[in-house]
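Structure record follows, encoded as structure tokens.
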Amino acid sequence: MRWSQWYIPTLKEAPGDAEVISHKLLIRAGMIRKLTSGIYTWLPLGLRTLNKAANIVREEMDRAGAQEILMPTVQPADLWRESGRWEHYGKELLRFKDRHERDYCLGPTHEEVVTDLIRGEVRSYRQLPMNLYQIQTKFRDEIRPRFGLMRGREFLMKDAYSFDRDDAGADISYKKMFEAYKKIFSRMALQFRPVEADSGSIGGNFSHEFMVLAETGEDTIAYCTGCDWSANIERAAVLPPAKACEETCSAIEEVTTPDQHTIEEVCGFLKVPAQKLIKTLLYVVDGKPVAALVRGDRELNEIKLKNYFKADEVVLASPEQVTQWTNAPVGFAGPVGFTAGPIVADHELMADTDWIAGANKADTHILHVDLKRDVPAFAYADLRSIAEGDVCPRCGKPVAFAKGIEVGHVFKLGTKYSTALNAIYLDENGKEQTIIMGCYGIGVSRVVAACIEQNNDGDGIAFPPPLAPFDLELLNLDPKNADTAAKADELYDLLTGMGLDVLLDDREERPGVKFKDADLVGLPMQVVVGGKGLARGIVEVKNRKTGEKGELPVEGFAEAFAAWRKSVLACWGM
Ligand code: ATP
Ligand code: MG
């Protein structure tokens, strides 16, 4: 391909709204352009990388026995009503009406459509297991689209759905996808880590996220410094204390704490560490009041609270609700005498007694609280977010944190959609059984951003060979000179003949511009043809990743190049 005839609008400056490096470089390298918030056009160079990522995904999905289909973007509301998600999905679902006033949405995911597809037609156990996938554009009206391709509103996803006869089969399908994902992200030369995304249920994990490790990641991963356990902190389990406290303490006693609303204020006022306080958080869980308790220095994890109550919605109570339930302004709620709803305490609170808590009375706290003695009904549960230094729930060694970008998600769905949409099959005995499902997503466009987050330097992108838009850039420094141009064309044909995708920069630009653009666009190999070099019988080469330069002879170029290329691939571990 000749740069002079291609649309590669590189820029010196990134637009002001680009915060992360991948967003800046994708725009500057002329790979994408923004249409409107969270919605981008793929330009020729960018699209080549996107297609490379999609093809790796496709090859490994096919190899794992999944079959490619293509489902529609527009989905009828009736299906979403059947699954119950029309009411629950919230504002990320972009809804609209057709000319007949019928409701539709743009698909943010395809569980409903795929289940509708197979119900009624997949009827026999002989047709199972089956795995269907697509690589298709999704739309989610994200509340905060940002970081370019990383959190778009319109984005490319690979989504696969498995259908099995029973749980054991579904576990095998899950494992196959898990292994396929490891191959996919390894082939893309990404540094990644599968992490537990749901560790709540006993008997195994039913969800893993594949995280690309990067400082700019929106997710925080907790990982063990001793074993290979790791989990999204949204879900990471915290073990109960090794031993429950059996002691008690003196009787409760009220203390006035005028205008001391926050944990810090109360600690300062009473001169006690936050570890001695109970933080009481009031929530509306599916419309009902709940009091959730954690130690004063801890963070309550709303996802754990939601899972504990198997709730659809968990929102912090409003100041009015707090006053209504506790007879006090915000800051004085406590478990002793709280009767508005159930009380659930983080199990860490088992480990101690003699707590300080709010008194459900303005400007008042209670000293010497012993939960087991002073609160008639409450439950212990794992409610707080894991912290650095906590013990690994698997091996007991300390836990550390890292940042990650979620590029993939494997999920065992069970019968949620097959029950709701009545997807059943007849087993060997002619008996009706519900199909067990799994779903498996990869953010193909997010992968492109994640790849650039991991592979860049001050000069631009340094593409790993598998995702580079072209294998190599051939720079002709002197396109006006017929001899140099002829030599560049000859090398272009030779390299193309070796099966390589070559981008030939034949623009009438200064060499400096070309060098800068070559580093910005970041193809793994650069071959530079210039008059001075040719006079000495050489061309220059540069390994974009390492920055290492060299010279290859024009005579016997093919062999010398093949050897140099090997060294470039080797630095990518290939
Ligand atoms: P997130 O927590 O980042 O919003 P999610 O849990 O909503 O992700 P899934 O529903 O599991 O994501 O979707 C599958 C994959 O699609 C994700 O692993 C991610 O790579 C990608 N993805 C999800 N939302 C977006 C988005 N707004 N922009 C780009 N890719 C996305
Ligand atoms: Mg999301």
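Of Pro9, Ala362, Ile69, which is farthest on the positive side of the dipole of the chain, counting Cα position, with +1 on Lys and Arg Cβ, -1 on Asp and Glu Cβ, and the Cα centre as origin?
Selected residue: Pro9.
Ala311 to Asn51: extension gain in nm, 0.36 nm per residue of separation minus the Cα-Cα distance? Walk me through the numbers on the way to the answer.
Details: separation 260, 0.36 × 260 = 93.60 nm, distance 3.96 nm.
Answer, rounded to one decimal: 89.6 nm.
At a 10 angstrom cut-off on C-beta neighbours, averaged per residue, how do the peptides 160-169, 490-499, 10-19, 526-535 rank from highest to lowest? Display every interim value, and only then the final one.
Working: 160-169: 20.3, 490-499: 15.0, 10-19: 12.6, 526-535: 18.1.
Going by the mean number of other Cβ atoms within 10 Å, highest first, we get 160-169, 526-535, 490-499, 10-19.
Would you kindly derive the ³J(HN,Hα) couplings of the stretch 23-37 from the backbone phi angles with the Karplus curve 6.51 cos²θ - 1.76 cosθ + 1.60 (θ = phi - 60°), listing them in order in whole Hz, with x for Gly and Pro?
My calculation for the stretch 23-37 gives 5, 4, 6, 4, 6, 5, 7, x, 9, 9, 9, 7, 8, 7, 3 Hz in order.
Roughly what % of Cα-Cα distances in the chain sit above 40 Å, to the whole percent?
Details: 69880 of 164451 pairs.
Pairs farther apart than 40 Å: 42 percent.
Tell me, for the chain, which Cys residues have no other cysteine's C-beta sitting closer than 4.7 Å.
So, Cys105, Cys245, Cys249, Cys267, Cys439, Cys451, Cys571.
How far is the Cα center of the stretch 363-380 from the Cα center of the stretch 262-340, in Å?
13 Å
Give me log10 I(q)/I(0) at q = 0.16, 0.26 Å⁻¹ for the stretch 237-293, Debye formula, one equal scatterer per alpha-carbon, no solvent.
With one equal scatterer per Cα and no solvent, log10 I(q)/I(0) is -0.82, -1.12.
Rounding to the nearest 20 debye, state how big the charge dipole of the stretch 454-546 is about its Cα centre with +1 on each Lys and Arg Cβ and -1 on each Asp and Glu Cβ. Present the calculation step by step, with values, prior to reporting the outcome.
Numbers: 11 positive and 17 negative charges, 66 e Å.
Roughly 320 debye, rounded to the nearest 20.
Could you tell me the convex hull volume per residue, in Å³, taken over the Cα atoms of the stretch 306-353? Provide the component values of the computation, followed by the final result.
Values: hull volume 4.9 nm³, N = 48.
Measuring per residue, one finds 103 Å³ for the Cα hull of the stretch 306-353.
To one decimal place, what orientation-averaged projected area in nm² is obtained for the convex hull of the Cα set of the stretch 400-494? If you can, show how the numbers build up before the last one.
Numbers: hull surface 56.3 nm².
In nm², the orientation-averaged hull projection of the stretch 400-494 is 14.1.
Could you give me the ³J(HN,Hα) list for the stretch 317-322, computed from phi with Karplus coefficients 6.51, -1.76, 1.60 and θ = phi - 60°, whole Hz, x at Gly and Pro?
5, 7, x, 5, 5, 4
Restricting to DSSP H runs of at least four residues, report the calculated mean residue ellipticity at 222 nm for the chain, -39500 (n - 2.57) per run over all residues, nearest 500 deg cm²/dmol. It would help to have the intermediate numbers written out before the result.
On the way: 16 runs with 158 residues, N = 574.
Here the helix-only value at 222 nm equals -8000 deg cm²/dmol.
State, as an integer percentage, the relative contact order of the stretch 253-381 based on alpha-carbon contacts under 8 Å between residues 6 or more apart. Mind showing how you got there, number by number?
On the way: 258 pairs, mean separation 37.1, N = 129.
Relative contact order comes out at 29 percent.
Let me know the Rg and Dmax you get for the stretch 470-571 when you use only its Cα atoms, in Å.
For the stretch 470-571, the Cα radius of gyration and maximum Cα-Cα distance read 12.3, 36 Å.
Determine by what factor the alpha-carbon radius of gyration of the stretch 147-298 differs from 2.2 N^0.38 Å, reporting the quotient.
Numbers: Rg = 22.4 Å, N = 152, 2.2 N^0.38 = 14.8 Å.
Here the Cα radius of gyration is 1.51 times the empirical estimate.
For a footprinting-style exposure proxy, rank Cys395, Cys267 by other Cβ within 10 Å, fewest first.
Numbers: Cys395 12, Cys267 19.
In order of increasing Cβ crowding within 10 Å: Cys395, Cys267.
Output ³J(HN,Hα) for the stretch 267-281: one whole-Hz value per residue in order, computed from phi by the Karplus curve 6.51 cos²θ - 1.76 cosθ + 1.60 with θ = phi - 60°, and x for Gly and Pro.
4, x, 5, 8, 6, 10, x, 4, 5, 9, 9, 9, 8, 10, 10
Starting from the amide H of Ala381, placed 1.01 Å from N in the peptide plane, find each other amide H under 5 Å away whose residue is 5 or more places distant or on another chain.
Amide H to amide H, under 5 Å and 5 or more residues apart or across chains, Ala381 pairs with Ala345, Asp346, His347.
Between the stretch 501-574 and the stretch 246-261, how far is it from one alpha carbon centroid to the other, in angstrom?
First find each Cα centre; the distance between them is then 74 Å.
Once amide H atoms are placed 1.01 Å from N in the peptide plane, what residues at a sequence separation of 5 or more from Arg151, or on another chain, have their amide H within under 5 Å of its amide H?
Arg146
Hey, what D do you get for the stretch 253-381 in µm²/s if you plug the Kirkwood alpha-carbon radius into Stokes-Einstein at 20 °C and 1.002 mPa s? Please list the in-between numbers first.
Working: Rh = 14.4 Å.
D, rounded to a whole number, is 148 µm²/s.
Computed from the coordinates by the stated procedures, all read-outs in this text should not be read as laboratory data. All values reported here derive from a predicted model rather than from experimental measurement. A quick note on method: Cβ atoms are made from the backbone with ideal geometry, for glycine too, and the neighbour counts reach across all protein chains shown.
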